[in-house]
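For reference, the structure discussed in these notes is given below.
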Amino acid sequence: MEVRIEQSWKEALQEEFDKPYFERLVAYLHGEKASGQVVYPPGGQIFRAFELTPVDKVKVVILGQDPYHGPGQAMGLSFSVPDGVPAPPSLKNIFKEIEDDLGIRMSGRPNLESWARQGVLLLNAVLTVRGGQPASHGAIGWQEFTDAVIKYLSAHGEGIVFMLWGNFARSKRDLIDSSRHHILEAAHPSPLARGAFFGCRHFSQANALLEQEHKTPINWQL
């Protein structure tokens, strides 16, 4: 597996790439491919979040758990699916909250690349998954890597807004220095949370915090 990752991240995370756990992770993914397992997202998109949002451009982090496990869905950005693919239920709920929070109309377009290009790091804690088997790569080393990403941003960034949705994402709170950054917590946007996500107003809050930090707010409209 070629690690295709934007140069600033490559430099920031070089120590991680050199660690034994990362070598084991790469070997595991090679083994999956050799045994005929379908793995999502496609190899060239595993580090897509890092390609679109250089380390010094990160203003907001939206933390997901692991990639979508259906055909054609995962694209290396948390919660996002490619154009032409129906928006999954969690993403539909995110759009509903944005509409209610900001009083804008969303197109329903499910591709979140425009957010990523504005400085929203759409980071899954686990970057790959077997087709049809959610959480199947949860213990192969990805969380050690993405925890290192969060710690790096916490230590080297300034005034980043971290959106932690659901118990899994909220468990990462201790990796973030809350004296340097802003942490917004809410229920998960999944329908399984029975609407508890609605009313969190994270999108207007994030923009207010960015303006407070003298940063350009995010245009959430798609």
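The table below lists the values:
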read-out: Residue match in the range 66-82 (condition: in contact (Cβ under 8 Å) with a residue 60 or more places away in the chain, open to solvent by 20 Å² or more (accessible area, probe 1.4 Å) and over 22 Å from residue 140 (Cβ atoms)); value: no
read-out: Residue match in the range 206-213 (condition: more than 15 Å from residue 97 (Cβ to Cβ), over 15 Å from the mean Cα position of the chain (by Cα) and open to solvent by less than 10 Å² (accessible area, probe 1.4 Å)); value: yes
read-out: Lone qualifier among 13, 29 - being out of contact with any helix residue (DSSP H, G or I) (no Cβ under 7 Å at 6 or more places or on another chain), open to solvent by less than 80 Å² (accessible area, probe 1.4 Å) and within 20 Å of residue 144 (Cβ to Cβ); value: 29
read-out: Output for the range 20-45, where each listed residue is free of Cβ contacts under 8 Å to residues at least 60 places away in the same chain and either within 19 Å of residue 4 (Cβ to Cβ) or part of a helix (DSSP H, G or I) (or both); value: 20, 23, 26, 27, 30, 31, 33, 34, 42, 43, 44, 45
read-out: Qualifying residue in the range 93-101 (condition: without any contact (Cβ under 8 Å) to a residue 12 or more places away in the chain, open to solvent by 40 Å² or more (accessible area, probe 1.4 Å) and over 29 Å from residue 43 (Cβ atoms)); value: yes
read-out: Residues within the range 46-64 that are part of a loop (DSSP other than H, G, I, E, B) and buried (at least 18 other Cβ atoms within 10 Å of the Cβ), tallied; value: 5
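The values are calculated or read from the model by the stated rules, or taken from the named source; none is laboratory data. Nothing here was measured: the structure is a model prediction, and the numbers come from that model. No Cβ is skipped: glycine too gets one built from the backbone with ideal geometry, and neighbour counts run over all protein chains shown. Please note that ligands, DNA and RNA were not included when accessible areas were found on the heavy atoms of the full protein model with its side chains. Shrake-Rupley method; radii C 1.70, N 1.55, O 1.52, S 1.80 Å.
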